[in-house]
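Student: There's a structure below that I have some questions on.
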Amino acid sequence: MTPAAYAVLNLTALAHNLRKVREYAPEAKIMAVIKANGYGHGMLRVAETLAQAQADAFAVARVQEGIRLRKAGLHTRIAVLEGFTCTEELDDLLAYQLDAVVHTASQLALLEQHDGSAQLAVWLKLDTGMNRLGFSAAEFNGVYQRLSHCALVQQPINLITHLANADDRQDAMTLKQIALFRQTIGNVPGERSIANSAGILAWTAALSDWVRPGVVLYGISPFPDSTGAQLALQPVMSLHSRLIAVKPLAKGDTVGYGCRWQCPEDTTLGVVAIGYGDGYPRYAKPGTPVLVNGQRVPLIGRVSMDMITVDLASQPDAKPGDAVTLWGEGLAVEEIALCADTIPYTLVCGVTQRVRLVEAEG
């Protein structure tokens, strides 16, 4: 039986999107970012698909994500973007042959104190303006020298930074970050990585030895003024449910918690079996589009845990059991994000475990 709420994953689109990244960065190696359960798409299936499509490496946020990939049989290079915080995590990085991003003095101390014989591939992170993780430009030379003389660290040291405003093509911050990164590291040996999804698509100056595509691999635009389809990307996830009730409403009737939405005229209400308990955004506004039998109808009333309500005035023949699309073909997830005052990342990452993930056939 088809579940009430389910998401269809087009894994062929993943491979297509990886090819598009290669078109934008033909000289770079690709470190595919598959953290947060593959942006909600299922980390293992995403990794297997991208490995077959010849991604050069993977990036995850945390050590346990990397271990899970190794235990699943993935042999591709894996970098852990948050690095490690304790000896136990450092031991795991070594045992499972995971790269570590080094971004704090406490990590340096752990590396220098470790007495193991194995070596760890590291990415030294320079903070060029994100002001989150990483060493300042003033700290760089000292840190680089310490890592260069650390027996545990595989040489040469790789170098990485993260762009803060690359999704704004008009913001000069990105070029300033790139310039600071290059000026600070100079000609020291080691591979470089600067560009995230927006950096790959909009800032050729950010292209270096490695690029780190994230959201674009899933067919989603990193820019607030476009959709993935407009960038020749193919969305991987579509979210679906069905009508479970249809009932008449009279002018003046209110709908949902808080009674904030009131019928301006007689209409027909549709109840859809999906809500914030499934990951549909709680703050989607009345008027947010929903596809019923492929046709747009507006959301009305507040989003509930298990249900949303829609105005079926334009769909007089709609009935319980009819197909509903929350985002997918004809309704971009980027549009839904705008209606909920959020970003599409939060929507695909927020799909909950009770939503069944189904791989598209063919």
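The values are calculated or read from the model by the stated rules, or taken from the named source; none is laboratory data. Please read these numbers as outputs of a predicted model, since none were measured by experiment. We place every Cβ from the backbone using ideal geometry, glycine too, and count neighbours over all the protein chains shown. SASA here: full protein model, heavy atoms, side chains in, ligands and nucleic acids out. Shrake-Rupley method; radii C 1.70, N 1.55, O 1.52, S 1.80 Å.
Student: When the helix-only estimate is applied to the chain (DSSP H runs of n ≥ 4, each -39,500 (n - 2.57), divided by the residue count), what is the mean residue ellipticity at 222 nm, nearest 500 deg cm²/dmol?
Tutor: -8000 deg cm²/dmol
Student: Mind checking region 112-200 for GluC sites (Glu not before Pro) that DSSP puts in a loop (not H, G, I, E or B) and that have at most 16 other Cβ atoms within 10 Å?
Tutor: Those that pass, being in a loop and sparsely packed, are Glu191.
Student: Once you've got the GNM for the chain with C-alpha springs shorter than 10 Å, pick whichever of Ala205, Ala250, Ala100 has the biggest mean-square fluctuation.
Tutor: Looking only at Ala205, Ala250, Ala100, the largest GNM fluctuation is found for Ala250.
Student: May I pose another question? Most fluctuating residue of Ala72, Ala32, Ala198 in a GNM of the chain with Cα springs under 10 Å: which is it?
Tutor: Ala72
Student: Which pairs, out of Lys35/Lys71; Lys251/Lys319; Lys125/Lys176; Lys35/Lys176; Lys35/Lys285, put more than 23 Å between their alpha-carbon atoms?
Tutor: The answer is Lys35/Lys176; Lys35/Lys285.
Student: Turning to a different aspect of this structure: Quick check on the chain: of the DSSP beta bridges with both residues there, what percent are antiparallel, nearest 5%?
Tutor: 55 percent
Student: Given +1 on the Cβ of Lys and Arg, -1 on the Cβ of Asp and Glu, and no further charges, what dipole in debye does the chain carry about its Cα centre, rounded to the nearest 20?
Tutor: 160 debye
Student: Counting only protein heavy atoms and a 1.4 Å probe, tell me what percentage of the chain's accessible area is made up of carbon and sulfur.
Tutor: 50 percent
Student: Dipole size in debye (nearest 20) for region 1-158 around its Cα centre, Lys and Arg Cβ +1, Asp and Glu Cβ -1?
Tutor: Charge dipole of region 1-158: 600 debye, to the nearest 20.
Student: Apply the Debye scattering formula to region 34-187, with a single equal point scatterer on each alpha-carbon and no solvent, then give log10 I(q)/I(0) at q = 0.13, 0.14, 0.15, 0.19 Å⁻¹.
Tutor: -0.65, -0.74, -0.84, -1.19
Student: From Cα pairs below 8 angstrom and at least 6 apart in sequence, can you work out the relative contact order of region 208-362, rounded to a whole percent?
Tutor: 24 percent
Student: Please list, ordered by chain and number, the residues whose modelled amide H lies under 5 Å from the amide H of Val122; skip anything fewer than 5 residues away on the same chain.
Tutor: Ala100, Gln154, Asn158
Student: If you build a Gaussian network model of the chain, linking Cα atoms that sit under 10 Å apart, which residue out of Val122, Val80, Val255 swings the most?
Tutor: So, out of Val122, Val80, Val255, the one fluctuating most is Val255.
Student: If you filter region 202-278 for trypsin sites (Lys or Arg not before Pro), then keep DSSP loop positions with at most 15 other Cβ within 10 Å, what is left?
Tutor: Within region 202-278, the qualifying trypsin sites (Lys or Arg not before Pro) (loop, at most 15 other Cβ atoms within 10 Å) are Lys251, Arg260.
Student: Which whole-Hz ³J(HN,Hα) couplings does region 278-291 yield from phi under the Karplus relation 6.51 cos²θ - 1.76 cosθ + 1.60, θ = phi - 60°, glycine and proline marked x?
Tutor: Going residue by residue, I get 9, x, 5, x, 4, 9, 4, 7, x, x, 4, x, 9, 9 Hz, with x marking Gly and Pro.
Student: Leaving out ligands and nucleic acids, and using a 1.4 Å probe, what accessible area per residue does the chain come to in Å²?
Tutor: Ligands and nucleic acids excluded, the figure is 45 Å² per residue.
Student: On to the next question. When only Cα pairs under 8 Å and 6 or more residues apart are kept, what is the percent relative contact order across the chain?
Tutor: Across the chain, relative contact order equals 18 percent.
Student: Looking at the chain, do any whole DSSP H helices span at least 20 angstrom along their long axis by alpha carbon and average -0.5 or above on Kyte-Doolittle, and which?
Tutor: Those that pass (Cα extent of 20 Å or more, hydropathy at least -0.5) are 11-24.
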